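Below: one structure, written as structure tokens.
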Amino acid sequence: MIKKILHLCSSSPITKSYIEFINKNFGSENHFFVIFATSFAYEYPNNCLVMTREDAKFNYLKVLLMSNRASKIILHGFFYNRFITRLLTISPWNIKKCYWVIWGADLYDDIEQVGYTKTLKYKQFYFLKKWIIKRIPYFATYLEYDYQLTIKHYNSKAKLIDCIMYPSNVFTPLDQDIKPKVSSNKELKILLGNSASEANNHEEIILLLANIQTRAKFTVYCPLSYGSMEHARKIKDLGRKMLGERFNPIENFMQIDEYKSFLQSIDIAIFNHKRQEAMGNIINLLGMGKKIYISTMNYSLWNLCRKLKLNIYDLHELGHTLTNLNSSYLESNTQIISSFFNYNTLLSQHSFLRQ
């Protein structure tokens, strides 16, 4: 059976829950997912083709034929660059069907040239990638700043699909009563970052917290279960050296319900990314009424929070205001997040799939 809409994705829990959402609400018979994976870590339904980097080259023709038959092609992040770039270079007629869902790293790594070499082969590849993106007619994101940045960087005229896109961006309170409660605990629980990625800039915050640890009671929880394991070891060593037993690295994966319960126990969260990242974490923490500190260099997130009138804090204030969020701010954040990042919004914003 010909699949009407083709999705190109990376294997992840975000992708897995998204496929379940699509199959439930839009019919598995209308969608097919090509999933790029480093391993077969997740089980996917029948309307999926999972392929590793090693066997991707054997599936070019199959995916090309799917692309030709599809009415829409949804690029969930412009990752696996070489496969997608080659695919659309040899079938430029398919570019007009494409929707690029901007994840963040796929955009910012291009702009900042992260991990790129300046060989002739790279320059040829990057030229083709920019040529393709310039011609993609739709970009999907709920971050206006990222959309404008993409338009400018690629000299594009793509239209914006305003969509929170993934179930991971939906705030679902753990309890029926979503009214946040200010913690009465004397010792604050602080979440630092979301992964072992260097983009978290852990070092800066660890040193800052070390300078104020004599003036405040707190314990730091630092997720290091995915990302660069070499960097994870470096951050673990630094955290233990500077903060001692106050520093608790999280080195094992948690199931989603366990992780949300853990987030519920946090008082303060610190995200020192200089670009859009960890949005699912931030959305849920704001909805839970937690105090969030972010870098002012994270323009996408600052702009979104100002637009929605969410209460967030500048990292530069961290040494002066290491306390819980006051109750009026808590309730305001929870109400705003609940009204914007909810399942009905996610569903209605996917109307573009039916057009």
Ranked by GNM mean-square fluctuation in the chain (Cα springs under 10 Å), the top entry among D267, D106, D257 is D257
Provide the convex hull volume over Cα atoms per residue for the stretch 222-355, in Å³.
149
Residues W100, W131 arranged by fewest to most Cβ contacts within 10 Å
W131, W100
With no solvent and one point on each alpha carbon, what is the Debye value of log10 I(q)/I(0) for the chain at q = 0.06, 0.13 Å⁻¹?
-0.24, -1.09
Under the rule of -39500 (n - 2.57) per DSSP H run of 4 or more residues, summed and divided by the residues of the chain, what mean residue ellipticity at 222 nm is obtained, to the nearest 500 deg cm²/dmol?
-12000 deg cm²/dmol
Where the only charges are on Cβ atoms (+1 Lys, Arg; -1 Asp, Glu), what is the dipole of the chain about its Cα centre, to the nearest 20 debye?
1340
Between the residues L149, N211, Y60, the Cα farthest towards the positive end of the dipole of the chain, that dipole coming from +1 and -1 charges on the beta-carbon of Lys, Arg, Asp and Glu, is from Y60
Roughly how large, in nm² to one decimal, is the mean projection of the convex hull of the alpha-carbon atoms in the stretch 5-169?
9.5
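Going by a ≥ b ≥ c, the root eigenvalues of the Cα gyration tensor, does the stretch 1-73 fall in the rounded group (a/c under 1.5), the prolate group (a/b larger than b/c) or the oblate group? Mind showing how you got there, number by number?
Details: a/c = 2.22, a/b = 1.06, b/c = 2.10.
Oblate, since a/c reaches 1.5 and b/c is not below a/b.
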Put +1 on the Cβ of each Lys and Arg and -1 on the Cβ of each Asp and Glu in the chain; which of M229, L308, G27 then has its Cα farthest toward the positive end of the dipole?
G27
Specify the residue with the greatest mean-square fluctuation among I90, I19, I190, computed from a Gaussian network of the chain linking alpha-carbon atoms under 10 Å apart.
I90
Which log10 I(q)/I(0) values, to two decimals, does the stretch 92-171 give at q = 0.12, 0.13, 0.21, 0.27 Å⁻¹ under the Debye formula with one point per Cα?
-0.37, -0.44, -1.01, -1.36
Gain upon complete extension [K241, Y299; 0.36 nm per residue less C-alpha separation]:
17.7 nm
Please compute the Kirkwood hydrodynamic radius of the stretch 61-108 from all pairs of different C-alpha atoms, in Å with one decimal.
11.1
Longest segment of the chain with no trypsin sites (Lys or Arg not before Pro) in a DSSP loop having at most 12 other Cβ atoms within 10 Å?
1-117
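The numbers here are math on the coordinates, done by the rules we state, and not lab data. As the structure is a prediction and not an experimental result, all values here were calculated from the model. All Cβ positions, glycine included, derive from the backbone under ideal geometry; neighbour counts span all protein chains shown.
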